[in-house]
């Protein structure tokens with residue numbers, strides 16, 4: 001199949017592109033390199049530098065006749081979304097809507113969209129299923145929810161085949177340590193540089209961490225099974241930020257210090273999701289433990 005991966009020069013998208021190439025598909029990557037890096041583009045993939053929120057990108061979809069589109073291009077900085085909600089919406093809502101419209105009109109067979117459990121807001125039921133209340137507490141979550149609703153409109157009204165994957169906290173090799181999200185990557189980089197990272201809040205906030213390898217495998221499963229609608233892709237586990245810091249210290253063999261600062265606006269106290277529905281639909285399940293994943297990620301950061 002001919003597959004377009006938007007954001008394929010980024011952290012998650014590049015791993016998905018690799019997985020599709022391994023399976024023998026023709027992979028085309030579109031990325032504007034605002035967050036992605038050319039060095040992340042896997043061998044064998046064709047690369048195009050395009051903005052998903054442009055007329056050129058829409059025309060590109062019509063010209064190329066893709067079988068499948070995997071959409072991972074997005075704005076995902078939570079605090080920036082709070083400060084600049086219009087920018088966040090222009091990428092995550094308008095850019096995604098342009099893609100969905102072009103996909104339907106050009107005859108794309110299936111679309112896979114990357115969403116986030118941030119659309120839920122504060123988690124009130126753990127582990128959260130797809131029936132969990134949706135009450136986003138930051139513009140980032142609002143924009144991703146709007147994308148989901150437009151996708152569901154295209155699916156239910158126009159018959160576009162769509163799978164929406166809500167990720168929890170993804171980590172692993174190639175994650176950007178210079179952004180605001182991704183505590184594992186940020187803290188690894190700081191510890192290796194001899195710097196002192198800041199924990200926002202008391203460090204007791206719990207997260208459901210998911211290795212990027214498992215995310216790539218989930219996107220492979222979504223391509224094969226093509227389940228319709230929204231699914232949570234997560235590890236159904238929990239670890240506090242303080243516990244993650246201890247794991248990082250143990251892995252690196254360091255007693256590096258941390259400092260504590262104000263909590264982030266729009267950051268939930270706990271995240272933990274249930275992957276039961278997606279597992280039943282595709283047979284996928286996470287296979288990488290947090291300890292193993294941190295060790296692998298640390299090796300990559302040390303090597304680079």
Test each condition in (1) closer than 17 Å to residue 176 by Cβ; (2) loosely packed, with under 14 Cβ neighbours inside 10 Å for residue 55 and report the one that comes out false. (1)
Residues satisfying the stated conditions in region 248-267, i.e. in contact with a helix residue (DSSP H, G or I) (Cβ under 8 Å, 6 or more places away or on another chain) and either within 23 Å of residue 142 (Cα to Cα) or touching a residue at least 12 places away in the same chain (Cβ under 8 Å) (or both): 248, 249, 251, 252, 254, 256, 258, 264, 265, 266, 267
Only one of (1) out of contact with any strand residue (DSSP E or B) (no Cβ under 9 Å at 6 or more places or on another chain); (2) surrounded by 19 or more Cβ atoms within 10 Å (Cβ to Cβ); (3) within 18 Å of residue 116 (Cα to Cα); (4) modelled with pLDDT under 95 is not met by residue 90, so which one is it? (2)
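Yes/no matrix, rows are residues, columns are (1) surrounded by fewer than 16 Cβ atoms within 10 Å (Cβ to Cβ); (2) outside any helix (DSSP H, G or I); (3) not assigned by TED's automatic domain parsing to the domain that holds residue 110:
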position: 190; (1), (2), (3): no, no, yes
position: 217; (1), (2), (3): no, no, no
position: 223; (1), (2), (3): no, no, no
position: 245; (1), (2), (3): no, no, yes
position: 256; (1), (2), (3): no, yes, yes
position: 280; (1), (2), (3): yes, no, no
position: 299; (1), (2), (3): yes, no, yes
Kindly check whether there is at least one residue in region 151-162 that is surrounded by fewer than 20 Cβ atoms within 10 Å (Cβ to Cβ) and closer than 19 Å to residue 128 by Cβ. yes
Given (1) within 19 Å of residue 208 (Cα to Cα); (2) part of a helix (DSSP H, G or I), where does residue 263 come up short, assuming only one miss? (2)
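What number of residues within region 133-145 are closer than 22 Å to residue 108 by Cα and surrounded by fewer than 19 Cβ atoms within 10 Å (Cβ to Cβ)?
As a first pass, look at region 133-145 and keep what is closer than 22 Å to residue 108 by Cα: 144.
Narrowing the set further to residues that are surrounded by fewer than 19 Cβ atoms within 10 Å (Cβ to Cβ) leaves none.
Within region 133-145, residues that are closer than 22 Å to residue 108 by Cα and surrounded by fewer than 19 Cβ atoms within 10 Å (Cβ to Cβ) number 0.
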Can you work out which of the residues in region 101-126 that are more than 19 Å from the chain's Cα centre (by Cα) and within 24 Å of residue 182 (Cα to Cα) is modelled with the lowest pLDDT? 125
Of the conditions (1) at pLDDT below 95; (2) farther than 27 Å from residue 93 by Cβ; (3) not in a loop (DSSP other than H, G, I, E, B), residue 195 clears all except one; give me its number. (3)
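The values are calculated or read from the model by the stated rules, or taken from the named source; none is laboratory data. It should be emphasised that the depicted structure is a prediction, and the values quoted were computed from it without experimental measurement. Cβ sites come from the backbone with ideal geometry, for glycine too, and all protein chains shown count toward neighbours.
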